[in-house]
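Have a look at the structure below, then the notes.
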Amino acid sequence: MKARVSAAKDKIHQMSKTLIWCNEEKLPTWSFEEYEDEAKKSQDLILIDNFACDTSKFKNEHPGGEKLITTYVGKDATKAFYGVLNNHTRSARQIMKDLRVAKVVRNLKKEN
């Protein structure tokens with residue numbers, strides 16, 4: 001049994017090396033206005049924890065349905081994501097971290 005567990009751990013470790021994890025430091029920084037503009041273009045961006053998240057590849061898989069996500073396109077969905085009724089699991093929080101495409105800073109002046 002120990003050998004099987006050890007082999008499974010090794011396999012998971014090798015698989016995790018191939019995954020692309022979100023690196024917050026490498027994400028671009030957007031003003032809130034830039035976020036709103038980008039959300040109008042793509043119709044797939046929501047804001048959670050001051051990060052723009054691209055939900056295009058996930059919204060159809062959302063357990064609560066696509067409508068719950070599309071309701072927050074271009075808006076701040078942080079309260080809904082962490083709210084009493086929708087307090088998401090750790091795995092859901094990790095999925096959302098992997099969808100991050102930009103850090104959004106309020107009161108940031110747009111560069112022309």
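When residues in the range 1-38 are screened for being within 23 Å of the chain's Cα centre (by Cα), assigned to a helix (DSSP H, G or I) and modelled with pLDDT of 75 or more, 9 of them pass.
Looking only at residues in the range 25-47 that are within 10 Å of residue 103 (Cα to Cα) and of a type outside the set (D, E, K, R), which one is surrounded by the most Cβ atoms within 10 Å (Cβ to Cβ)? My answer is 35. Residue 92 meets the conditions (1) more than 18 Å from residue 24 (Cα to Cα); (2) at pLDDT below 90; (3) surrounded by 13 or more Cβ atoms within 10 Å (Cβ to Cβ) in every case but one. The failed one is (1). How many of the residues making up the range 42-62 are of a type in the set (Lys, Arg) and assigned to a loop (DSSP other than H, G, I, E, B)? Of the residues in the range 42-62, 1 are of a type in the set (Lys, Arg) and assigned to a loop (DSSP other than H, G, I, E, B).
The values are calculated or read from the model by the stated rules, or taken from the named source; none is laboratory data. Quick caveat, the model's predicted, so the values are computed rather than measured. Cβ: placed from backbone, ideal geometry, glycine included. Neighbour counts: every protein chain shown.
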